[in-house]
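Read the structure below first, then the notes.
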Amino acid sequence: MSLNDITSVDTGRQVRKRVGRGIGSGLGKTAGRGSKGEGSRTGGKNRTPLFEGGQFPFWMRLPKRGFSNHGHKVVFQTVDLARALARVSGKEISLATLIKAGLANAGEAVKIVGKAEVKGKYTVAVNRVSASVRSAIEAAGGSVVESDRVAVEAKPEAKSDDKKPAGKK
């Protein structure tokens, strides 16, 4: 066996391209980027599928028709009635009590859904309730109030001691 009989073992890995290592490497000087132009610059060569080389893009040439409700859509955070009855203490289920019980996030609209046996008169004041929840609460003698208000956690009140120091005159 001699040195010219030794062959490299195929590891299945591609050898890393070492650019900018002299003209003998074939990837020296401009490092395979060519000379000048957008492609030679850092951050150049916009290769996104919608890019058309600066030509007015096809998707912008198309007429805009109709209406999209995407920006106005209200997404409700759903809370199961059985979980609300189990976790909320007292006879009132409101946005504030659901947030306090950890069933809802502040600043989001809430809808109570599901089926559960309601024992006692509950006052439910949330953004929306399903028909089954409304019938269950009202059958037990309770009341349902829907509003578009979104609960925000109350900020701690400033103490009278926290006054700003008087500025220099």
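The values are calculated or read from the model by the stated rules, or taken from the named source; none is laboratory data. None of the values given here were measured: they were computed from a predicted structure. Every residue, glycine as well, gets a Cβ built from its backbone with ideal geometry; the counts of neighbours run over all protein chains shown.
State whether the residues of region 138-146 include one that is at pLDDT below 90 and surrounded by 11 or more Cβ atoms within 10 Å (Cβ to Cβ). No - not one qualifying residue is present in region 138-146.
Just to confirm my filter: which helices (runs of 4 or more DSSP H) fall fully inside region 51-133 and include at least 3 residues that are among the aliphatic types (A, V, I, L, M)?
81-87, 95-100
In summary, Asn4 fulfils each of the numbered conditions (1) in a loop (DSSP other than H, G, I, E, B); (2) farther than 30 Å from Val129 by Cβ; (3) polar (S, T, N, Q) with the single exception of condition (1).
For the structure I just gave you, tell me whether Ile112 is under 23 Å from the mean Cα position of the chain (by Cα), under 20 Å from Phe76 (Cβ atoms), surrounded by 10 or more Cβ atoms within 10 Å (Cβ to Cβ) and modelled with pLDDT of 95 or more.
On the way: under 23 Å from the mean Cα position of the chain (by Cα): yes; under 20 Å from Phe76 (Cβ atoms): yes; surrounded by 10 or more Cβ atoms within 10 Å (Cβ to Cβ): yes; modelled with pLDDT of 95 or more: yes.
For Ile112, the condition - under 23 Å from the mean Cα position of the chain (by Cα), under 20 Å from Phe76 (Cβ atoms), surrounded by 10 or more Cβ atoms within 10 Å (Cβ to Cβ) and modelled with pLDDT of 95 or more - is met.
The selection criterion, being modelled with pLDDT of 90 or more, within 31 Å of the chain's Cα centre (by Cα) and surrounded by 10 or more Cβ atoms within 10 Å (Cβ to Cβ), does not hold for Leu27. Looking only at residues that are of a type in the set (Phe, Trp, Tyr) and surrounded by fewer than 10 Cβ atoms within 10 Å (Cβ to Cβ) in region 30-82, which one is nearest to Leu98 (Cα to Cα)? Among those residues, the one meeting the criterion is Phe67. Taking residues in region 128-147 that are within 16 Å of Lys91 (Cβ to Cβ), and partners anywhere that are assigned to a loop (DSSP other than H, G, I, E, B), the pairs with Cβ atoms closer than 6 Å and at least 6 places apart or on different chains are Ala136/Val118; Ile137/Val118; Ile137/Tyr122; Ala140/Val118; Gly141/Lys121; Gly142/Lys121; Gly142/Tyr122.
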